[in-house]
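What follows is a single structure, written as structure tokens, with notes after it.
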Amino acid sequence: KMTQQMRDLQLAQARKPPGPSSPNAAKRLYRNLSGKFRVNYTSFDEGSLAGRGDKDKLRKSYLFQSNAALFEAVELQDLDRVQELLKQYSPEELDLNTPNSEGLLPLDIAIMTNNAPIARALLQAGAKESPHFVSLESRSLHLSTLVREAEQRVNELTAQVVNEAPGADCSDKEKQLKAWEWRYRLYKRMKAGFEHARVPDAPTNVHLSVASSSSVQVTFWEPLSVNSAVVTKYKVEWSCSSTFSPVLGEAVVDKLKNLHYTIQGLTSGTAYYVRVSAYNMKGWGPAQASVPPFAIPSNWREYDGRAPRRRGQAEALDHLLSQVKTVHQHCVCHEPCKNQPQSRKHSVSKSLKHLFHPGSKFLKTLKRGLYLTAIFYKDDNILVTHEDQIPVVEIDDTYSCLLMQDFLWFTKVSCMWEEILWLRQCVTVSQSSCSCILQTRFKMLLAISQMQGLLGIQDLGQVFFEPVKDKQGNILIVTLKEVKTNQTFESVRWVPLCKLQSSRKSVSSPEEPTALDTLLISIQDKLAYHQQSSHALPPGLYLGYLKLCSAVDQIRVLVPEQLPNILCHVKIRSNPNISREEWEWLQKMASVDEPVPAEPEAETSQNHLFQELQVAIKELMTLVNIPLQEAKDFRLYSQEVLDFGDQVSFLLLLPPSDDVCTAPGQNNPYTPRSGFLTLPLQIFELGEDR
């Protein structure tokens, strides 16, 4: 009677066409097993339905075929077919969690036949167990009923085949008999799998860590033994008592791709105990307490009450900029230069020359001077002028100032592409001093405006970290921008990069390449730098290595080529938070005189961090090619943790004081392996902020 009611309920909920209820459910079951639905589903005749003009009926029928195909693939233990269907259709299209006429879901069949690979694939796709199995008894009774009815149907069909008259066509009956014999063996195997299974062992490697001042995170691994039944979910419980009396809360983890859970909304400074248990079709297994046994939500800033370094800085800078704009918005005076009469003739002739041109144009060739070039790229294509040249405009044809200082100023201007007109007005007002620096920077702003006007776009992208020079005295400041959409620009067109490089080789001189030649030769490296400098680190706590080298006019910092906007680094762990207890231990470690402090007590968060740091330091020393024995002279920066948002944080490893910054001419005995470069410190700071 219970089985009959369950089937009636399932048939009412299912999206499949209605069929006869038990005891005639075998007829419907046979339709699922018959040749009509056991064919190759990719050969389904869509034209016969589309010809009737009923596309909805076509799609529903096709998805019904896919649902039947999924059940068949699970029953036949065809992992490749299951993965193919899960990739091709969404869970809703497959009716992944709608029971069939036997009250079973695909996941039920997979776990009761103990097919772990198929069960995991279904679980990752969002599959659930049948909600009708409310107890072990109901599942056992349902399986026994399925076996008994399948056996009865086999006996009936066997008798019909045996009693057929000699010479009669009994091929249909024999096919039905074979199908039901196979179905009978499947149900017996499912019933035996259920009876043999036991609850799973406890999860392993249950680790507890502090995620923030109001949360803790628990990570865990699968049980060593699932006792012949796939684990389908886990339960996380937490309490303020080591006996878990009372339990403050619990959560079920049924997304099994990443086995972790973050407990939110906790009280800072309170100890919380956590345990985890696993579930299979036989029920919940024993719980495993975490290591360490408890965690106290906190953050390293609570150690001395320190406020975030950048709190309010962006707002303060915006306010300061608006104040500056307010002061300058009514200033429209443009005083001519009075202190450089020798350049007046040149300025007048240049102004007269522009009267005979309809407008500014891109340059075709370079003469001795300072230039701006903008590289826009999309996939393997690059923007060029109608003369097949990279867009170039002149900044100054008589440049004689300090390049590095002007270049670094230009990189800061690149953060304000939309404010160029306002900046030009500000610099023009100050031009009465007629200093070489102000003259050059005003010309830079003019060149930017010219490039923006010719291209019809304001954002010129990111400045490459160093100018391109040649022996003829040409200097190119390069900006790079990736275009994501099919955007159109004025006065330029898209061409394949390889075509541009090959055409340039045919007209250039290999003995003394110009700055444009050098740019084209190295353009792939520059594009790679631009793409890599926009990559973000995955969430976690990292150990960074700070190494500087100084020159006459700048300080440079060592960075990896693959992530030039970040210091050389290795990952310590996935949890970016440093708790108050961990930071207190780090402070004590930094204050001792011995090179290796005493190891903290076992089963504490400090001990876990100590072990993680040991592994990370060894990995980092190998990465930057420094002998491990030299690490004893290195120091952890103990003033603060460098937080980059809420998801990434850094601890810094510093060389000995005398080796943090290598002076010009100073020998550096440990040269990093290939894959690193040095960036000007100001460029690195801009890239870090992006």
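The values are calculated or read from the model by the stated rules, or taken from the named source; none is laboratory data. All of these numbers come straight from a predicted model, not from anything done at the bench. Heads up, the Cβs are rebuilt from the backbone with ideal geometry, glycines too, and the neighbour counts pull from every protein chain shown. The area values use the complete protein model at the heavy-atom level, side chains included, leaving out ligands, DNA and RNA. Shrake-Rupley method; radii C 1.70, N 1.55, O 1.52, S 1.80 Å.
The radius of gyration of the Cα set in the stretch 207-298, together with its Dmax, comes out at 13.1, 42 angstrom. Rounded to the nearest 10 Å², what accessible area does MET416 show when all protein chains are kept and the probe is 1.4 Å? Only protein atoms counted, so the area is about 50 Å². Given their separation in residues at 0.36 nm each and the Cα-Cα distance between them, GLN614 and CYS661 gain 14.5 nm when the chain is fully extended. Amide hydrogen proximity for SER215: with H placed 1.01 Å from N in the peptide plane, the residues at 5 or more positions away or on another chain lying under 5 Å are LEU266, SER298. Provide the net charge surrounding PRO655, with neighbours chosen by a C-beta distance below 13 Å and charges set as Lys +1, Arg +1, Asp -1, Glu -1. Its environment carries a net charge of -1.
Among HIS530, HIS608, HIS142, the order of accessible area from largest down is HIS608, HIS530, HIS142, computed with a 1.4 Å probe on protein heavy atoms. For the pair HIS260 and LYS588, label points projected 7 Å from Cα toward Cβ lie 2.7 nm apart. When HIS132, HIS535 are compared by accessible area of protein heavy atoms, the largest-first order is HIS535, HIS132, using a 1.4 Å probe. Set the bar at 32 Å for Cα to Cα. Now go through LYS361/LYS471; LYS325/LYS367; LYS257/LYS481; LYS255/LYS632; LYS87/LYS526; LYS128/LYS173 and name every pair that lies beyond it. Cα-Cα > 32 Å for LYS325/LYS367; LYS257/LYS481; LYS255/LYS632; LYS87/LYS526; LYS128/LYS173; rest within. For HIS207, what accessible surface area do you get with a 1.4 Å probe? Give it in Å², rounded to 10. That residue has around 40 Å² of solvent-accessible surface.
Amide H to amide H distances under 5 Å link SER241 with TYR273, where only residues 5 or more positions off or on other chains count and H is placed in the peptide plane.
Accessible area ranking (1.4 Å probe, heavy atoms, ligands and nucleic acids excluded), largest first, for HIS569, HIS260: HIS260, HIS569. Calculated accessible area for the stretch 57-196 comes out at 48 Å² per residue, all protein chains present (probe 1.4 Å; ligands, DNA, RNA ignored). Calculated on the alpha-carbon coordinates, the convex hull of the stretch 357-421 measures out at 152 cubic angstrom per residue.
In this structure, the amide hydrogen of VAL392, modeled 1.01 Å from its nitrogen in the peptide plane, lies closer than 5 angstrom to those of LEU363, counting only residues at least 5 positions away or on a different chain. When only alpha carbons of the stretch 129-218 are considered, Rg and Dmax amount to 23.6, 83 Å. Report in % the part of the accessible area of the stretch 207-298 that belongs to carbon and sulfur, leaving out ligands and nucleic acids; probe 1.4 Å. That share works out to 53 percent. Only protein heavy atoms count here; on that basis, with a 1.4 Å probe, LYS282 has an accessible area of about 40 Å².
Write down the Kirkwood hydrodynamic radius of the stretch 429-500, to one decimal in angstroms, obtained as one divided by the mean of 1/r over all alpha carbon pairs.
Taking every pair of different Cα atoms in the stretch 429-500, averaging 1/r and inverting gives 15.0 Å.
Using the alpha-carbon positions of the stretch 57-196, Rg (one decimal) and Dmax (whole number) come out as 16.9, 53 Å.
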